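Below: the structure, in structure tokens.
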Amino acid sequence: MAINGFVGVGGGFLPAVFLAPMIGVKTLLPTLSIMLLISNFSRSWINRSDFHKGAFLRVAIPATPMVFLESYFYPVLEPKIISFFLGIVILSSIPVRRWAAKY
């Protein structure tokens with residue numbers, strides 16, 4: 001969890017690479033979710049004086065329905081499909097990060 005505090009989003013991707021072969025893809029995302037929830041809560045508690053309600057709501061409102069949708073579909077997905085989408089997200093983060101750095 002300390003790695004996530006230093007590297008940000010990569011803190012979710014880096015453990016995925018190492019944990020997937022050990023615990024399997026099906027249990028990887030729930031494990032990462034709990035790990036990142038604890039990590040992000042601790043960072044938000046430390047930085048609570050800088051909380052911006054508007055920014056939080058702009059992210060939380062659209063994300064909430066997607067969390068419920070994902071929790072419905074995730075258990076029925078095959079591990080190969082999960083691996084495919086996880087790989088797409090990780091690989092697409094590289095050009096997206098470079099594009100976002102320009103702005």
**OP:** Could you look through segment 1-58, keep only residues that are closer than 19 Å to Gly87 by Cα and outside any helix (DSSP H, G or I), and pick out the one that is modelled with the highest pLDDT?
**Re:** Gly24
Original post:
Taking only pairs six or more apart or across chains, which ones have beta-carbon atoms under 8 Å, a first residue in segment 63-83 that is touching a residue at least 40 places away in the same chain (Cβ under 8 Å), and a second residue that is surrounded by 10 or more Cβ atoms within 10 Å (Cβ to Cβ) and not in a helix (DSSP H, G or I)?
Top reply: Pro79/Gly24
Original post:
If you go through segment 35-58, how many residues are among the β-branched types (Val, Ile, Thr) and surrounded by fewer than 10 Cβ atoms within 10 Å (Cβ to Cβ)?
Top reply: 0
**OP:** Tally the residues that are modelled with pLDDT of 85 or more and within 22 Å of Thr27 (Cβ to Cβ), restricting the search to segment 59-71.
**Re:** 3
Original post:
Looking at segment 82-92, which of its residues are β-branched (Val, Ile, Thr), over 13 Å from Thr27 (Cα atoms) and surrounded by 12 or more Cβ atoms within 10 Å (Cβ to Cβ)?
Top reply: Val89, Ile90
Subject >> Subset of segment 59-103 (residues that are among the aromatic types (Phe, Trp, Tyr) and assigned to a helix (DSSP H, G or I)) >> reply: Phe68, Tyr72, Phe73, Tyr74, Phe84, Phe85, Trp99
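The values are calculated or read from the model by the stated rules, or taken from the named source; none is laboratory data. All figures in this text were calculated on a predicted structure; none of them were measured in a lab. Counting neighbours? That spans all protein chains shown, and the Cβs are built from the backbone with ideal geometry, glycine included.
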